[in-house]
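The next block holds one structure in the form of structure tokens; read it before the comments.
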Amino acid sequence: MEKQLPRKPATFETVWASLQELAEMQKETERRMKETDRLIDKIAREADQRMKETDRFMKERTQETDRLIKENAQETDRLIKENAREADRRMKDTDWRMNKMRGWLDNRWGDFM
């Protein structure tokens with residue numbers, strides 16, 4: 001068992017002082033709660049603003065990325081077509097040279113026979 005200290009008898013004045021102290025503590029607690037609510041609201045508004053800015057930034061970056069992808073795809077298509085035309089031209093040139101050489105060989109073979 002704990003040893004209890006002797007208590008002074010409660011008087012109207014001591015009870016009243018304790019009640020006033022409790023009332024002041026309650027007022028301070030309410031003031032702090034209001035300040036906390038105000039800060040939470042401020043932080044929530046700032047977070048909402050940052051999210052809107054982030055969304056706007058992401059939308060801009062997405063649009064820019066899409067534009068670059070489209071440009072690169074067009075450039076790639078152009079290069080593929082250009083390379084295909086060049087390959088076709090070279091194949092035709094090679095075919096022409098092969099035919100010319102075959103004709104020359106045919107003539108030489110005929111001369112030989």
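The values are calculated or read from the model by the stated rules, or taken from the named source; none is laboratory data. Treat the numbers as computed from the prediction; the structure is a model and nothing was measured. Cβ sites come from the backbone with ideal geometry, for glycine too, and all protein chains shown count toward neighbours. These area figures cover heavy atoms from the full protein model, side chains too; ligands, DNA and RNA do not enter into them. Shrake-Rupley method; radii C 1.70, N 1.55, O 1.52, S 1.80 Å.
Can you tell me the orientation of helix 12-112 relative to the chain, as the angle in degrees between its alpha-carbon axis and the longest Cα principal axis, to the nearest 10?
Around 0 degrees separate the two axes.
What number comes out for the charge environment of ASP41, summing +1 per Lys or Arg and -1 per Asp or Glu over other residues with Cβ under 13 Å away? Show your work: numbers first, answer last.
Working: positive: LYS34, ARG38, LYS42, ARG45; negative: GLU35, ASP37, GLU46, ASP48.
Net charge around ASP41: 0.
Rounded to two decimals, what ratio of Rg to Rh does region 1-111 give with C-alpha atoms and a Kirkwood Rh? Each step should come with its number before you reach the end.
Working: Rg = 45.6 Å, Rh = 24.4 Å.
Taking Rh as the inverse mean 1/r over Cα pairs, Rg/Rh reads 1.86.
Okay, helix-only estimate at 222 nm for the chain: each DSSP H run of n ≥ 4 adds -39500 (n - 2.57), divide by all residues, round to 500 deg cm²/dmol; what do you get? Intermediate values should be presented prior to the final figure.
Numbers: 1 runs with 101 residues, N = 113.
Calculated at 222 nm, the ellipticity per residue is -34500 deg cm²/dmol.
With a 1.4 Å probe and every protein chain kept in, tell me what percent of the accessible surface of region 1-108 is carbon plus sulfur.
Working: 6360 of 11140 Å².
Whole-percent figure for carbon plus sulfur exposure: 57.
About its Cα centre, how strong a charge dipole does the chain have in debye, to the nearest 20, once Lys and Arg get +1 and Asp and Glu get -1 at the Cβ?
Values: 27 positive and 26 negative charges, 69 e Å.
So the dipole magnitude of the chain works out to roughly 340 debye.
Between ASN99 and LEU79, what's the calculated FRET efficiency when r is the beta-carbon distance and R0 is 25 Å? Round to 0.05.
With R0 = 25 Å, the Cβ-Cβ based efficiency is 0.25.
Taking a probe of 1.4 Å, how large is the accessible area per residue of the chain, in Å²? List each step's numbers first, then the result.
Details: 11760 Å² over 113 residues.
In whole numbers, the chain has 104 Å² accessible per residue.
At 0.36 nm per residue, and after removing the present C-alpha to C-alpha distance, how many nm does the segment from ARG32 to THR62 gain when stretched out fully? Walk me through the numbers before you get to the answer.
Working: separation 30, 0.36 × 30 = 10.80 nm, distance 4.40 nm.
That works out to 6.4 nm of additional length.
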